[in-house]
1. Which of the residues spanning segment 68-87 are within 9 Å of the ligand (Cβ to nearest atom) and either of a type in the set (Asp, Glu) or within 11 Å of the chain's Cα centre (by Cα) (or both)?
2. Taking segment 46-67, which residues are near the ligand (Cβ under 9 Å from one of its atoms) and of a type in the set (Gly, Ala, Ser)?
3. Restricting to segment 6-45, what's the tally of residues that are among the basic types (Lys, Arg), out of contact with any helix residue (DSSP H, G or I) (no Cβ under 8 Å at 6 or more places or on another chain) and more than 10 Å from the ligand (Cβ to nearest atom)?
4. Spot the failing condition for GLN80; the list is (1) touching a residue at least 60 places away in the same chain (Cβ under 8 Å); (2) in a loop (DSSP other than H, G, I, E, B); (3) of a type outside the set (A, V, I, L, M), and only one is missed.
5. In this structure, is PRO115 away from the ligand (no atom under 11 Å from the Cβ), of a type outside the set (D, E, K, R), surrounded by fewer than 21 Cβ atoms within 10 Å (Cβ to Cβ) and under 21 Å from ILE10 (Cβ atoms)?
6. Among the residues of segment 172-179, is there at least one that is within 19 Å of PHE65 (Cα to Cα), open to solvent by less than 70 Å² (accessible area, probe 1.4 Å) and touching a Phe, Trp or Tyr at 6+ places or on another chain (Cβ under 9 Å)?
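The values are calculated or read from the model by the stated rules, or taken from the named source; none is laboratory data. The shown structure was predicted, so the numbers you read here are calculated from the model rather than taken from an experiment. Cβ atoms come from the backbone with ideal geometry, glycine included; neighbour counts cover every protein chain shown. Heads up: the accessible areas ignore ligands, DNA and RNA and are worked out on the full protein's heavy atoms, side chains in. Shrake-Rupley method; radii C 1.70, N 1.55, O 1.52, S 1.80 Å.
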Amino acid sequence: MPLPEHRLDIVNHASVFARDKLDIGTRFFLENMPASDEPKHIIDLGCGNGLLGIAAAGTHPNATFTMVDESFMAVASAEQNFAQNHPDRTTNFQVTDCLTGIADNCADLILNNPPFHQQNTIGDFIAVQMFKDAKRTLKTGGELLVIGNRHLGYHVKLKRLFGNCTTLASNKKFVILRCIKR
Ligand SMILES: C[S@@+](CC[C@H](N)C(=O)[O-])C[C@H]1O[C@@H](n2cnc3c(N)ncnc32)[C@H](O)[C@@H]1O
């Protein structure tokens, strides 16, 4: 899947999220990816084919990355895509549930496009677990960026958990929320 507007070329193994076409939520996140020259540790939580982390590698030239998904096929796709688009970058790939096994207080920035369909039941159980794990894994002052459909109301749960939640960007359908670990 070539994405010339983001100067990326992406492969997807079987059953990986948005296998045939770029998800519109992911696209909106790519368009609003922050940038920094600082040597940050960035985690792509629920990385799928790795697009968010790979795009962030372009806007964070000195960052290192941890790419995490519960799906072996997703992590295999992310590994291949990272190597293809940023062969010289330090990246750690892990198949795990949310951030199980990832150290406390180790991340400066976590990117998250949570799953929102679970066996056809719409629920936010996994998303909420991801938010809790993100809080544990972030350094003090680190930030979590979450994209979701507006109707999912993630801001309520994020504000309760982090004590703060602001909107980085929004359109008719999606909102990108930003929480800081204090
Ligand atoms: C909405 S997709 C986002 C994929 C990619 N980050 C993007 O933005 O295009 C959600 C991802 O979360 C992963 N996921 C679902 N449950 C998970 C869990 N318990 N732990 C880690 N990842 C999970 C899915 O495999 C899927 O790749």
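1. Passing the criteria: VAL68, ASP69, GLU70.
2. GLY46, GLY48, GLY50, GLY53
3. Of the residues in that region, 3 qualify.
4. For GLN80, the failing item is (2).
5. Working: away from the ligand (no atom under 11 Å from the Cβ): no; of a type outside the set (D, E, K, R): yes; surrounded by fewer than 21 Cβ atoms within 10 Å (Cβ to Cβ): yes; under 21 Å from ILE10 (Cβ atoms): yes.
In short, no.
6. Looking for residues that are within 19 Å of PHE65 (Cα to Cα), open to solvent by less than 70 Å² (accessible area, probe 1.4 Å) and touching a Phe, Trp or Tyr at 6+ places or on another chain (Cβ under 9 Å), one finds none in segment 172-179, hence no.
A quick yes/no check of all residues on (1) in contact with a Phe, Trp or Tyr (Cβ under 8 Å, 6 or more places away or on another chain); (2) surrounded by fewer than 22 Cβ atoms within 10 Å (Cβ to Cβ); (3) under 17 Å from ALA127 (Cα atoms):
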site: PHE65; (1), (2), (3): yes, no, no
site: GLU70; (1), (2), (3): no, yes, yes
site: ALA74; (1), (2), (3): yes, no, no
site: GLU79; (1), (2), (3): yes, yes, no
site: GLN84; (1), (2), (3): no, yes, no
site: THR90; (1), (2), (3): yes, yes, no
site: THR96; (1), (2), (3): no, yes, yes
site: THR100; (1), (2), (3): no, yes, yes
site: ASP104; (1), (2), (3): no, yes, no
